[in-house]
Amino acid sequence: MRSRSTAILSVLAVSGLLLAGCASGSKPSETTSASDLAIVESTVADPAAVGERVGADGVLLEVWSGAVPDETIGEADEGNQWVTANVAQWVTEEGVTAADVAPVVRSTADDSFSAEGEARQNVDIELVPNRSYTFVWSYQVPEELVDPASLVLCVGDGDEGCSRLTD
């Protein structure tokens, strides 16, 4: 019960921060250029830590926090559990929507597993290059793979641009 309460409080706290961040728009001159960001080299087998920026092919992400498992969403499909990640994302090209660059969750315990995220907000918006956007992505993960130490979030199906979901 304590872990569920902690997960709920963590999600609520992050949600509050996200809403506050969305409400305080930034001027274009205050945006951080993707080229100015320190990118950590990372792979599925050697993922970056939470809070470090990773990337590949002009898509960058930074995991802020993760809830593993996340019981606040509702029922997952039979044999699965929900896992949620709060992520800052950047792109370097125009014409890309958030749905186009949805992070993929992978497992170091099972190389064959990967799942695309389901957004908890509108992801049809076109991302302006070199601006930071915050998204909450949820994933259905088989129960036997729901292990915070083995789940990583990657910018795509490749082997680079991966970050741990929790520390």
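The values are calculated or read from the model by the stated rules, or taken from the named source; none is laboratory data. It should be emphasised that the depicted structure is a prediction, and the values quoted were computed from it without experimental measurement. Positions of Cβ are backbone-derived with ideal geometry, glycine not excepted, and every protein chain shown enters the neighbour counts. For the accessible areas, the whole protein counts, side chains as well, though only heavy atoms, and no ligand, DNA or RNA atoms are used. Shrake-Rupley method; radii C 1.70, N 1.55, O 1.52, S 1.80 Å.
Think of region 121-167 as a dipole: +1 on every Lys or Arg Cβ, -1 on every Asp or Glu Cβ, centred on the Cα centre; then among G161, A149, V136, V136 lies furthest on the positive end. Set the Förster distance to 25 Å, then compute FRET efficiency between E94 and T72 from the Cβ-Cβ distance, nearest 0.05. My answer for the efficiency is 0.10.
Could you work out the local net charge near E62, counting Lys and Arg as +1, Asp and Glu as -1, over the other residues with Cβ closer than 12 Å to its Cβ? That works out to +1. Computed with a 1.4 Å probe over protein heavy atoms only, the accessible area of T166 comes to about 40 Å². Using every pair of separate Cα atoms, the Kirkwood estimate puts the hydrodynamic radius of region 52-164 at 14.1 angstrom. Modelled label positions at V128 and D147, each set 7 Å beyond Cα in the direction of Cβ, lie 4.4 nm from each other. Using the Cβ-Cβ distance between A38 and W64 with R0 set to 25 Å, the FRET efficiency works out to roughly 0.95.
Surface calculation, 1.4 Å probe, protein heavy atoms: R120 sits at approximately 110 Å² accessible.
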